[in-house]
2 protein chains.
Amino acid sequence: MNGKRATAFVPGHVTAFFSAHPAEDPAEAGSRGAGLTLSDGVDVTVDPVDDASAADDGLDALTLNGESASIGAVADVLSALGVRARVTLETDLPIGAGFGVSGAAALGTALAANAAADRGCSENELVTIAHGAEVERGTGLGDVVAQARGGLPVRVEPGAPGHGELDGIPAHARVEYVTFGELSTEDVLAGDTSTLSAAGEHALSRLRADPRLPTLMDASREFAERADLLVPEVAEAMDAVAAAGDPGHDDSVDRAGDGSGTGASMAMLGRTVFALGTDLSDAGYDPAVCHTHPAGARLIGEE
Amino acid sequence: MNGKRATAFVPGHVTAFFSAHPAEDPAEAGSRGAGLTLSDGVDVTVDPVDDASAADDGLDALTLNGESASIGAVADVLSALGVRARVTLETDLPIGAGFGVSGAAALGTALAANAAADRGCSENELVTIAHGAEVERGTGLGDVVAQARGGLPVRVEPGAPGHGELDGIPAHARVEYVTFGELSTEDVLAGDTSTLSAAGEHALSRLRADPRLPTLMDASREFAERADLLVPEVAEAMDAVAAAGDPGHDDSVDRAGDGSGTGASMAMLGRTVFALGTDLSDAGYDPAVCHTHPAGARLIGEE
């Protein structure tokens, strides 16, 4: 394998609400819902290695921010593309906290491995491979297709390209977030998702009738309560933001055009509270700050 | 109407090849084909005006690089959204030369007018409005959906979101171009397009079997010849690039990873030659230079 090194950037993705749609074929499985892609994301570098040196040196490996790690979906993507490689992930995003890092790792690996080993796949083919790997590993249902699109993706129909259907909220916003710890996506997705999915379908109907930022945030809060997913630290932060913004907190408006005043909600699925504009700062938190990302995952370098 | 001012950026779009697919419903009409979105694009600013002042001052108007202009699709988009506004277009792209300026104007107007007048449409709804306006005015068939997507869009099925289907070439490239003058899209699209469309379908089959830059450029050249669209100045430039790059010019390879060495072709439809990497410079031309654009059309400011 005489591949070159290639790097892809994949935006982070916060899911505001979702419904789960399992299916036999992983390309048909997925989720409906909506969220925000983030300028904070994951740089994924793929260095193809030849079989001999990999066997000798254990180079067929993955590092995440410099530490050895294992992500099943990444291994599956490499295997699907027939590429043996070192994969290096660098990110400022918290891990296991609802930012789609595993989806980003899978999608970035697909884009970078295709380029590095000159596999000649199209973008839809690469998204399908990464989406299928995430679904089969149970680590995500909708992050990959959202991260491939960018912006503020609305997953109208579940699944990979050719099956799923996407729309978007035509907006951009400053995004603030605070993470209190990890929450296992696998555990939630492996449990009974019927209540969650009914709440997600209701939230999607609301947003499609009014695809604007205040409705996105309000539908996300209602989803978190109906689906019984709120964790105490996040609920407390949501209350603090609501109290700081508007004691009645039933009058969500985007005061500054950057999303401010729309309140906070919980990233699905993570012990993470997020808000638009300056709502978390205004409530006295010291959040990480980024923006919605205008573009989907893209190759950023080859050498 | 108490709208604020809003601005959208829409990338330019060079079509490499296409087939025409007319239909009764403008959302179903469109084209198959492939091309490149460009970092050179159009900034579209929409300033809503109230009815009284518009009637008095003739403010319900459009300027293109500071000069008064008229673009039917822009008027139709404003009308569809029920917005009266001044529309200001600023672009470095040549006009009427195959860069999708009319599509960019329509799509940018849809995005900016929706934001300025807070119309609450989704991205797909706005793309559908702009695509329909372009199709009905006969000024384009595939630019709007390509410009909404960004990257190197492949139009697999024609039409607006919900009808059309897009894929992409997972690459980025430096793009060079030289324009020799205008060519009327309306005139070509109004004529017999059967030969053109057969050539376009053949080119698309080739590219889908090998979605890489060298095949995009080679399929574009073959399309230009088969569809009998080549204009003399462009043909001459294509020959010059081929001679400078490889006297045999049947061995297209991307030597530097930026598209160099893949030869030149004609922008559909314009008296414009374009090439990747440094192919036009290497042949002694003094081209305009930009890059493929990673993102689709986006709102960039509101005030």
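Computed from the C-beta positions of B:Ala190 and B:Asp210 and an R0 of 22 Å, the FRET efficiency is 0.10 to the nearest 0.05.
Shielding of peptide A:169-177 by partners, expressed as the average count of other chain Cβ atoms within 10 Å per residue Cβ, is 4.
Against the main long axis of the alpha-carbon atoms of chain B, helix B:101-116 sits at an angle near 40°. B:Gly162 label point (Cα plus 7 Å toward Cβ) to equivalent points in the other copies: 2.5 nm, shortest first. Remark: the range A:191-201, residue by residue, has Karplus-estimated 3J(HN,Hα) of x, 6, 9, 5, 5, 3, 5, 5, 5, x, 5 Hz, where x stands for each Gly or Pro and the curve is 6.51 cos²θ - 1.76 cosθ + 1.60 at θ = phi - 60°. Taking amide H positions as modeled 1.01 Å from N, with prolines and chain starts lacking one, the residues under 5 Å from A:Ala85 and 5 or more places away or on another chain are A:Val49. Think of each Lys and Arg Cβ as +1 and each Asp and Glu Cβ as -1; about the Cα centre, that makes the dipole of the protein assembly as shown roughly 120 debye. Taking the label point 7 Å along Cα→Cβ, B:Ile95 and its counterparts in the other copies are spaced 5.5 nm apart, in ascending order. The residue in chain A that lies nearest, by its beta carbon, to the axis linking chain A with chain B is given here with the distance in whole angstrom as A:Ala295, 2. The shape of the protein assembly as shown comes out oblate: with a ≥ b ≥ c from the C-alpha gyration tensor, a/c is at least 1.5 while a/b does not beat b/c.
I need the shape label for the range A:174-291. Rule: rounded when a/c is under 1.5, else prolate if a/b > b/c, else oblate, with a, b, c from the alpha carbon gyration tensor. Oblate.
Between copies, the label points of B:Ala190, set 7 Å from Cα on the Cα→Cβ line, lie 6.6 nm apart, reported in increasing order to one decimal in nanometres. Using C-alpha pairs below 8 Å separated by at least 6 residues, the relative contact order for chain B is 26 percent. No solvent, one uniform scatterer per C-alpha: report log10 I(q)/I(0) for the range B:6-168 via the Debye equation at q = 0.19 1/Å, two decimals. Cα-only, vacuum Debye calculation for the range B:6-168: -1.12. Computed per residue of chain A from DSSP H runs no shorter than four, each worth -39500 (n - 2.57), the mean residue ellipticity at 222 nm is -11000 deg cm²/dmol.
Between amide H atoms placed 1.01 Å from N, distances below 5 Å from A:Leu64 occur with A:Ala69, A:Leu89, all of them 5 or more places distant or on a separate chain. Residues in the range B:77-86 carry Karplus couplings, in order, of 5, 4, 5, 4, 8, x, 10, 9, 7, 7 Hz; the curve used is 6.51 cos²θ - 1.76 cosθ + 1.60 with θ = phi - 60°, and Gly or Pro positions show x. Taking a ≥ b ≥ c as the square roots of the Cα gyration tensor eigenvalues, chain B comes out prolate, since a/c reaches at least 1.5 and a/b is larger than b/c. Phi angles of the range A:262-270 translate, via the Karplus equation with coefficients 6.51, -1.76, 1.60 and θ = phi - 60°, into HN-Hα couplings of 9, x, 10, 8, 9, 6, 9, 10, x Hz per residue; Gly and Pro are given as x.
Where a number appears in this text, it was derived from the coordinates with a stated rule and is not lab data. Since the structure is predicted, the reported quantities are computational estimates derived from the model, not experimental observations. Note: ideal-geometry Cβ built from the backbone for every residue, glycine included; neighbour counts use all protein chains shown.
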